[in-house]
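Reviewing the structure listed below.
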Protein chains: 2
Amino acid sequence: MKIVTISREFGSGGRELGKRLADALGVPCYDQQIIEMISQKKNLDRDYVAHVSEKDVRMFYPSTIGKHIIAPNYIGSQSVQIMAEQKKLIEELAAQGDCVIVGRCADLILKKYEPLNIFVYADQASKVARCLERSDEAEKLSPDQLVRKMKEIDKSRASYRAMLADSRWGSKENYHLCINTSRKEIKALIPGLTAYVGGWFSAK
Amino acid sequence: MKIVTISREFGSGGRELGKRLADALGVPCYDQQIIEMISQKKNLDRDYVAHVSEKDVRMFYPSTIGKHIIAPNYIGSQSVQIMAEQKKLIEELAAQGDCVIVGRCADLILKKYEPLNIFVYADQASKVARCLERSDEAEKLSPDQLVRKMKEIDKSRASYRAMLADSRWGSKENYHLCINTSRKEIKALIPGLTAYVGGWFSAK
């Protein structure tokens, strides 16, 4: 089984890289579809699922009241259900065959398949430029607001990972390949990356 | 100009990766040759030059006497000369054309050429296994001694980098591609890596 997981900093182009890599490998790429599937199955709002499915459940309640840390059983039960559903779905998708999965801690969830785990990152200027290029939403924010937003999202991703494992999000030790996309067009990196992925899976 | 620099954890196979990549690209690989050239030019012992050329010059004198930090002008002048010579030589070699350079902070020294900077790393078990495979010296050490030795060498490399720049050795932000060689045969990674390097240099 050849499974590639893509973890990425917000704005680094990781999603595009995952999609293009999957196309080049001729395998499905699971990203937004996971959200669609859960929202349909659970009859929940798509945006709500998107929000919960990659963010720290702690965002939905204050983690402390006064000086008291809230016990884990206070975690909103619906968000936990969505995340459990997501985990199950990722396992089901992986069981169907080779694929690329973007985000959602698939590297941890699919450990038994020994996936090739890629982390995609970039310098701040490149990430801001990429966000502005891709999203009308980003254009409404000031550069400072955008940077703050990007950092928030990355922090949520890191927190989500921290819930599932002790290993740190973005720490190169936890990935097989870390790709810096600063000032580079993703498209041009794909043929080489595809060859690298092929070699990695066939390597002793 | 296409220059690839390889920084690496001791035992990660970075040297082998650099050599094989250079062969695949059809360009020279500079590694030990740099030491040979300096020892010949300066009429110095090869091992001595090897020791100085990649290690923190601070290893050659106590950095503090009592509580007083020794001023930089106390740094052994010969080691500084060797390191200056090394820097000059790396610049001369790069000026001659495309190449792969292993270690010696070439990524910093050759910044103006906008090299592709690769960092090679691996988990501890893989590094120990690789050291034992490659070196009779390593076999004479206990596993604990070997791990200590490996960490010492990496620390020296980090210190050498710290002398030249504020950016941290091994921190993925400072490299374009970070390759984890754990439990993988270097040879099998080369065709893909070669393709990736080609794509990176031609990417907009």
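The values are calculated or read from the model by the stated rules, or taken from the named source; none is laboratory data. All figures in this text were calculated on a predicted structure; none of them were measured in a lab. Using ideal geometry, Cβ is built from the backbone for each residue, glycine included, and neighbour counts are taken over all protein chains shown.
List of remarks:
- Any hit, the stretch B:93-107, residues being at pLDDT below 80 and in contact with a helix residue (DSSP H, G or I) (Cβ under 9 Å, 6 or more places away or on another chain): no
- Sole residue being without any contact (Cβ under 8 Å) to a residue 60 or more places away in the chain, more than 22 Å from A:Leu25 (Cα to Cα) and in contact with a helix residue (DSSP H, G or I) (Cβ under 8 Å, 6 or more places away or on another chain), chosen from A:Lys87, A:Lys140, A:Lys184: A:Lys87
- Taking the criterion of being basic (Lys, Arg), at pLDDT 85 or above and either touching a Gly at 6+ places or on another chain (Cβ under 9 Å) or within 21 Å of A:Glu16 (Cβ to Cβ) (or both), the residues of the stretch A:127-164 that qualify are A:Lys127, A:Arg130, A:Lys149, A:Lys151, A:Arg157, A:Arg161.
- One residue from A:Lys187, A:Lys204 being within 12 Å of chain B (Cβ to nearest Cβ), farther than 22 Å from B:His176 by Cα and not aliphatic (A, V, I, L, M): A:Lys204
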